[in-house]
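As structure tokens, the structure follows; a few thoughts come after it.
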Amino acid sequence: MESSMLAPPWKQPLLRSLARCLQQSGASAGFMQLATVNADSGLPECRTVGFRGFLLDTADTRRCVQSSLNASETAAASAISASSTGVMRFTSDARTNKVRTMLQRPVGELCWYHAATVEQYRLSVYMFPIFAPGDPRQPDLTVLHSLSPELAASSGHATVTEQLYEERERMWHEATSDSIRASLAWPPPGQTIDPALAADSDWMLERFAPRLLTGDEAAERTAYQNFVLVLAMPWRVDRVELAVTPFRRTEWRVGQHGLGNGPGADPESAMREAGCVDAWTMVHVNP
Ligand SMILES: Cc1cc2nc3c(=O)[nH]c(=O)nc-3n(C[C@H](O)[C@H](O)[C@H](O)COP(=O)(O)O)c2cc1C
């Protein structure tokens with residue numbers, strides 16, 4: 001079977017819309033909002049993260065998305081076939097609240113406004129952080145082999161985990177700039193800065209970045225340990241289009257699990273089914 005045929009049905013409209021946004025606004029179109037519920041306080045937390053393509057993308061996301069720009073079915077299909085998975089990637093720092101939270105409660109919602117097409121995508125996701133090999137915080141990743149046809153080809157815990165560590169390694173090289181690596185070696189995010197130091201806005205760069213940029217091995221190792229690749233598996237996708245009349249809202253659901261955030265929602269069971277393209281159904285709902 002063609003791998004493009006295995007892509008979840010919401011991926012093509014999302015990529016098409018993203019392609020137009022990238023053309024209109026450049027890289028800033030790739031920022032999404034991630035909402036989680038802090039497991040300790042029970043309070044909502046929302047922040048911006050950068051979309052880093054889909055799991056096992058071989059091509060640069062931007063190139064892949066750009067090739068769907070002419071909106072022909074063939075071009076869109078070939079962009080999608082660059083990776084058939086619906087598993088989205090972003091990267092983070094292991095010391096942030098969001099990563100701590102997803103270890104206790106691995107669910108969240110991504111909200112992505114596509115300005116060029118006046119569309120909103122809200123994706124209910126189940127998240128898997130991938131830490132550095134050997135990190136004791138690493139949650140079990142074997143379930144991911146059933147979420148992606150490419151991973152299903154590998155058998156057994158060792159192979160799947162190894163493949164995902166390779167993906168992390170690739171993202172470490174592709175998705176980190178000098179300044180991102182410097183921030184991963186700084187003191188923990190959210191920690192109060194000594195007021196005397198805070199007055200000097202260059203202090204962090206002066207103290208940490210030069211060491212990284214000149215190849216300080218200890219700092220580079222700290223940054224590497226703190227770098228986390230997050231895999232976000234959508235199990236419900238809600239698209240709202242306001243550039244059409246009448247407004248349109250479409251929901252893609254997995255099996256019986258597309259019950260929004262209502263009492264019947266079961267993200268873990270839904271996530272386990274979401275890798276199977278046949279499990280998805282589409283419904284139109286009132287905007
Ligand atoms: C444009 C922009 C892009 C960002 N991208 C990321 C990202 O990809 N990953 C990330 O962890 N934080 C990113 N951040 C920072 C987060 O929004 C957030 O401030 C930080 O990660 C701490 O969040 P937390 O304490 O809720 O985990 C970005 C911020 C901005 C303004």
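The values are calculated or read from the model by the stated rules, or taken from the named source; none is laboratory data. Computed from a prediction, not measured in an experiment: that's the story for all the values here. Glycine gets a Cβ as well: all are built from the backbone with ideal geometry, and neighbour counts include every protein chain shown.
General remarks:
- Hey, R47 modelled with pLDDT of 95 or more, among the basic types (K, R) and within 9 Å of the ligand (Cβ to nearest atom) or not: yes
- Looking at the stretch 86-182, the helices (runs of 4 or more DSSP H) lying wholly inside it that each contain 1 or more residues that are among the hydroxyl-bearing types (S, T, Y) sit at 97-104, 156-174.
- Extreme residue, modelled with the highest pLDDT, among residues of the stretch 252-273 that are surrounded by 20 or more Cβ atoms within 10 Å (Cβ to Cβ) and over 16 Å from M127 (Cα atoms): W252
- Among the candidates V118, V87, residue that is buried (at least 20 other Cβ atoms within 10 Å of the Cβ), closer than 29 Å to C21 by Cβ, away from the ligand (no atom under 12 Å from the Cβ) and at pLDDT 90 or above: V87
- Only residues that are in contact with a His (Cβ under 7 Å, 6 or more places away or on another chain) and either within 10 Å of the ligand (Cβ to nearest atom) or among the hydrophobic types (A, V, I, L, M, F, W, C) (or both) were counted in the stretch 13-28, giving 2.
- Check on R62, of a type outside the set (G, A, S), modelled with pLDDT under 85 and away from the ligand (no atom under 12 Å from the Cβ): yes
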